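Trainee: I'd like to ask some things about the structure below.
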Amino acid sequence: MVKILSKKWRRYKHDPKSLLLFLLVCLAACITMIALLFIIVYILIKGIPHLTPELFDIKYTSKNVSLLPALINTLFITVLSLFFAVPVGISAAIYLAEYAQRGNKLVHIIGLTTETLSGIPSIIYGLFGSLFFVKYLGFGLSLLSGACTLSIMILPLIIRTTQEALKNVPDSYREGSFGLGAGKLRTIFSIVLPCAIPGILSGVILGIGRIVGESAALIFTAGTVAEVVSNMFSSARTLSVHMYAISGEGLYINQTYATAVVLLIVVILINALSNFIAKKIGGGKVEI
């Protein structure tokens with residue numbers, strides 16, 4: 001780090017404006033890292049001392065406020081949401097990046113729609129899921145309603161990141177495949193997609209982070225029952241909803257910090273697993 005700063009200093013010492021901008025960028029990066037480390041350390045300090053065996057009982061009661069049912073439900077709803085969103089998102093991105101003509105009005109409309117969906121607050125998704133999935137389709141407050149709502153939430157993110165990953169694959173790869181006689185579809189699935197896997201996994205990781213940390217939309221769609229779901233139509237409380245529920249009561253603040261520690265560990269493990277898969281399959285590294 002010192003060597004890099006010294007090289008930058010020699011490069012910018014005769015250009016005060018560039019040096020000022022460089023220092024501001026470094027300051028912003030340091031502030032971001034310090035804020036992140038402060039949050040992580042604060043959660044660990046406050047939560048680790050309260051991680052007790054009672055918090056991991058399979059049965060939730062008012063005495064142990066176990067987080068294990070919520071943790072299991074979180075894994076279920078994450079897998080189900082990705083099952084709905086990933087195939088649709090990747091397929092849409094393939095059409096936009098590989099098949100649609102540039103300047104097409106339909107492509108412009110789809111891009112505008114995905115950008116709009118990305119900026120909608122999660123509470124709006126929750127209200128939509130409550131009206132459409134819970135009431136109109138009759139799914140009720142259930143794991144399925146929550147997963148369908150979350151899949152719509154993360155769909156724009158997966159489409160955009162996958163589309164950019166496909167665009168970053170060099171055209172020479174496609175031209176070489178076509179020159180060897182491969183068709184369009186075979187080129188996409190044999191050449192382009194494997195090269196784009198690290199970027200695609202970046203979008204999936206960000207989507208998982210949004211699923212795991214979501215609470216507002218799930219309160220209206222999945223419910224708050226603190227039990228392990230028996231089927232897709234059972235009400236389910238995730239870790240984030242569990243934290244919201246027990247913190248709102250004002251009696252289990254220490255357990256709330258402990259749940260935050262578990263949630264943090266889950267996110268870190270998911271990121272590590274995704275990086276491992278990206279290295280094994282795509283030969284690259286997932287960078288967020």
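Trainee: Surrounded by 22 or more Cβ atoms within 10 Å (Cβ to Cβ), out of contact with any strand residue (DSSP E or B) (no Cβ under 7 Å at 6 or more places or on another chain) and in contact (Cβ under 8 Å) with a residue 12 or more places away in the chain: does that describe Ala245?
Mentor: no
Trainee: It is to be established whether one or more residues within the range 115-128 are open to solvent by 20 Å² or more (accessible area, probe 1.4 Å), aromatic (Phe, Trp, Tyr) and either in contact with an Asp or Glu (Cβ under 6 Å, 6 or more places away or on another chain) or at pLDDT 90 or above (or both).
Mentor: Yes.
Trainee: For the condition open to solvent by 50 Å² or more (accessible area, probe 1.4 Å), at pLDDT below 85 and among the charged types (D, E, K, R), what is the one hit in Glu164, Glu227, Glu175?
Mentor: Glu175
Trainee: Looking at the range 13-42, I want the residues that are under 29 Å from Val262 (Cα atoms) and have a partner that is surrounded by 10 or more Cβ atoms within 10 Å (Cβ to Cβ) and of a type in the set (A, V, I, L, M) with Cβ atoms under 8 Å, at least 6 apart or on another chain. Which pairs are those?
Mentor: Ile40/Leu264
Trainee: Something else now. Can you name every residue in the range 51-65 that is open to solvent by 80 Å² or more (accessible area, probe 1.4 Å) and farther than 11 Å from Ala226 by Cβ?
Mentor: Pro53, Glu54, Phe56, Ile58, Lys63 - these are the residues of the range 51-65 that are open to solvent by 80 Å² or more (accessible area, probe 1.4 Å) and farther than 11 Å from Ala226 by Cβ.
Trainee: Still on this structure, I have one more. Scan the range 170-182 and tell me whether some residue there is farther than 30 Å from Gln101 by Cα and of a type in the set (Phe, Trp, Tyr).
Mentor: Among the residues of the range 170-182, not one is farther than 30 Å from Gln101 by Cα and of a type in the set (Phe, Trp, Tyr), which makes the answer no.
Trainee: Among the residues in the range 138-147, are any surrounded by fewer than 23 Cβ atoms within 10 Å (Cβ to Cβ) and assigned to a helix (DSSP H, G or I)?
Mentor: No, because not a single residue in the range 138-147 is surrounded by fewer than 23 Cβ atoms within 10 Å (Cβ to Cβ) and assigned to a helix (DSSP H, G or I).
Trainee: Something else now. How about the range 183-205: which of its residues are open to solvent by 20 Å² or more (accessible area, probe 1.4 Å) and either closer than 16 Å to Tyr99 by Cβ or touching a Lys or Arg at 6+ places or on another chain (Cβ under 6 Å) (or both)?
Mentor: If the condition is that a residue be open to solvent by 20 Å² or more (accessible area, probe 1.4 Å) and either closer than 16 Å to Tyr99 by Cβ or touching a Lys or Arg at 6+ places or on another chain (Cβ under 6 Å) (or both), then Gly183, Lys184, Leu185, Arg186, Phe189, Ile191, Leu193 are the ones that fit.
For (1) under 14 Å from the mean Cα position of the chain (by Cα); (2) open to solvent by less than 40 Å² (accessible area, probe 1.4 Å), each residue gets a yes or a no:
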position	(1), (2)
Gly207	yes, yes
Ala236	no, yes
Leu239	no, yes
Tyr257	no, no
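Trainee: Tyr244 is checked against (1) under 14 Å from Gly213 (Cβ atoms); (2) modelled with pLDDT under 80; (3) not aliphatic (A, V, I, L, M) and fails just one. What number does that condition carry?
Mentor: (2)
The values are calculated or read from the model by the stated rules, or taken from the named source; none is laboratory data. It should be emphasised that the depicted structure is a prediction, and the values quoted were computed from it without experimental measurement. When we count neighbours, we look across all protein chains shown, and the Cβ atoms used for this are built from the backbone with ideal geometry, even at glycine. The protein model used for the area step is the full one, side chains on, heavy atoms only, and it has no ligands, DNA or RNA in it. Shrake-Rupley method; radii C 1.70, N 1.55, O 1.52, S 1.80 Å.
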